[in-house]
Amino acid sequence: MRSQFWAMVAKRLGSMVVERTTFGIAGAILLTTVVVSPTPAQLTPFPDLPLLPSSSLSDAEDSKVVTTWIRLDGRRLFQIAAPRATLPKRVEDIQQRLQSISQNYYQSNATEIQVQIETKNNLPVIYVNNQPLLTITDLDAKMQQEETPLKLAQRLSESLEQDFKRAKLERQSSFLLRQGSIAAGVFLGVVLSSWGVRRLSLQSRLQPRPVTATSDPVTTQLTQQQQRNLQEVRRRLVQLTQSLVWSSGTLIILGLFPYTRMIQVWILSVLKIPFTLGIVGLVTYVAIRFSYVLIDRFTAALAINTLLTPEDSLRLQLRVSTISGVIKSISTLSGVAIGILVALSTLSINIAPLLAGAGLIGVAVSLASQNLIKDAINGFFIILEDQYALGDVIAVGNVGGLVENLNLRITQLRDSEGRLITIPNSEIKIVANLSSRWSRADLNIPIAYNTDVDHALKLIETVGLEMDQDPQWREQIVETPQVLGVENFGDRGLMIRVWIKTQPLKQWDVAREYRRRIKITFDQAGIVIPLSQQAIWLNDVQTLKSPFDGKNFTSS
């Protein structure tokens, strides 16, 4: 059993390494660089300095004093200061001299290094092994808050001696072997951590939270949306964790060796902005998705209320479904706006002028887009006052249909012919909601004039009672059908009016079934459902005489 367990672990580790081919190649390059051809890795002499072309800078920017670090094997040695226009040249000269001094020291058998200070032109010059390294200027002392350049030179000379000795010690075989074992341990820890994170994510994905079946489809839909959004949040968090684990492990391994430490510095300096923007974007996306989870959970809790009547409960479910979609849209826009502001802040961009400019732009846009503002305000009151919601059947002016989409700007209806009708919310003045809380089937049933009215009324009432007690239709009929009596004397006969109160959107199904049962019952009772009748009266007596009477008939 133990051998099987370790075999399974080895198999999983193998699959993880294969999936991370990029990191494997990077590791191979790293080991080759360290063991086979250890050469100094100086990718850029001044990675800390934000450089711009001198032609793009004004005179004030050229004369501005800035500072940067001088590095040895990626480690910071000391800071220097100079005007922005001349600093790159000074950094390049110092780095070249430092490179020459360090190479000569590494190739020699001497363990000690001589750091001396000489004065030239009233400024201290630091010499390393009789080779000049740099001249300490007044700007250097001022930017580092030292009293005189000489005191700064004395402090730097003490630290430089230790830095050179440590750099040479790090190139010894024993140190490289020890660092190599540490790198192997870090790599193994990264692989195990990544495997553990993925295993946990697979377990949570294979064991989803069961969805409790409910009688209302809206609540079930909200619960399913909540679980899908929660799974998306977990998946993105796993990806974020995996990225952080592998990137952190790679940077740690690169920082263990003097030959690759500059690569670490270069990655941190060059990829800082893309990495920061990527992290902000991913966190923003996860936050928006997580807000969807909270919105779905909150709206699902609102939709389930045992204190409400069935009519009010169904209406509330339709309403919270509409509110959920609108709040998600607002959450998405707010999350994207906040993410952009956070990204700009991380890039050290002052967002105060941007906010002020955005305010002015907002005022200009509001003046030019009054119709959009009207749409949004009217849409807000439509949702707040519950005039209609998703799934309602409404009539607006000469059009009507099922509400398929509702937001702060537009309302979209699907009519009986399948056409999608889009109406700006500002154009909706008077709306008829045919499915708010309950509906009604309004029926006019014709019977012949020579029919026994009381008997027909009794049969119509009986059909309504039987349908109300039928288990198939009992849930859809809210109240017992009401037979209002003789409504009108029509051209088809007597019109009997019947009202049937139903669940929302069920009035048409109930009316069709009721008419079918009435036809069957009338046929069995011998009651005729008449066609249109018309009586013709003529006042001309001559026209009424038959052509076959005795006076007008003549035989041939």
- Item | Residue match in the stretch 507-516 (condition: at pLDDT 85 or above, on the phi < 0 side of the Ramachandran plot, surrounded by 10 or more Cβ atoms within 10 Å (Cβ to Cβ) and small (Gly, Ala, Ser)) | yes
- Item | helices (runs of 4 or more DSSP H) (entirely within the stretch 73-176) containing at least 2 residues that are of a type in the set (Lys, Arg) | 87-107, 149-169
- Task: Could you tell me which residue of the stretch 387-442 is surrounded by the most Cβ atoms within 10 Å (Cβ to Cβ), considering only residues that are among the basic types (Lys, Arg) and free of Cβ contacts under 8 Å to residues at least 40 places away in the same chain?
- Result: ARG409
- When both residues are 6+ apart or on different chains and their Cβ atoms are under 8 Å apart, which pairs have a first residue that lies in the stretch 167-179 and is of a type in the set (Lys, Arg), and a second that is modelled with pLDDT under 90? LYS168/TYR105; LYS168/TYR106; LYS168/THR111; ARG171/PRO38; ARG171/TYR106; ARG171/PRO258
- Message: Out of the residues in the stretch 87-130 meeting the condition of being of a type in the set (D, E, K, R) and in contact with a Leu (Cβ under 9 Å, 6 or more places away or on another chain), tell me which one is farthest from GLU161 (Cα to Cα).
- Response: ARG90
- Task: Hey, could you check the stretch 243-290 for residues that are polar (S, T, N, Q) and closer than 30 Å to PHE175 by Cα and say which is farthest from the chain's Cα centre (by Cα)?
- Result: THR260
- Message: Going residue by residue through the stretch 472-481, is there one that turns out to be in contact with a helix residue (DSSP H, G or I) (Cβ under 7 Å, 6 or more places away or on another chain), in a helix (DSSP H, G or I), more than 30 Å from ASN371 (Cβ to Cβ) and not assigned by TED's automatic domain parsing to the domain that holds VAL403?
- Response: yes
- With respect to PRO481, is the statement that it is buried (at least 20 other Cβ atoms within 10 Å of the Cβ), more than 41 Å from the chain's Cα centre (by Cα) and not hydroxyl-bearing (Ser, Thr, Tyr) true? yes
- Among residues belonging to the stretch 496-510 that are part of a strand (DSSP E or B) and not aromatic (Phe, Trp, Tyr), point out the one that is farthest from the chain's Cα centre (by Cα). ILE496
- Conditions (1) under 23 Å from GLN524 (Cβ atoms); (2) modelled with pLDDT of 90 or more: number failed by TRP473: (2)
- Task: For the stretch 127-148, name all the residues that are in contact (Cβ under 8 Å) with a residue 24 or more places away in the chain, under 57 Å from the mean Cα position of the chain (by Cα) and within 30 Å of LEU169 (Cα to Cα).
- Result: LEU133, LEU134, ASP140, GLN144
- Message: Tell me the residue from GLY180, GLY196 that is within 48 Å of the chain's Cα centre (by Cα), at pLDDT below 90 and in a helix (DSSP H, G or I), please.
- Response: GLY196
- Evaluate the following for PHE78: is it more than 30 Å from SER63 (Cα to Cα), aromatic (Phe, Trp, Tyr) and either surrounded by 13 or more Cβ atoms within 10 Å (Cβ to Cβ) or more than 51 Å from the chain's Cα centre (by Cα) (or both)? no
- Query: If we scan the stretch 76-95, do we find a residue that is within 30 Å of TRP246 (Cα to Cα) and out of contact with any Cys (no Cβ under 9 Å at 6 or more places or on another chain)?
  - Reply: yes
- Qualifying strands (runs of 3 or more DSSP E) (wholly inside the stretch 403-455; at least 1 residues being under 31 Å from the mean Cα position of the chain (by Cα)): 410-414, 420-424
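The values are calculated or read from the model by the stated rules, or taken from the named source; none is laboratory data. Keep in mind that this is a model prediction, so the values were computed, not measured. Using ideal geometry, Cβ is built from the backbone for each residue, glycine included, and neighbour counts are taken over all protein chains shown.
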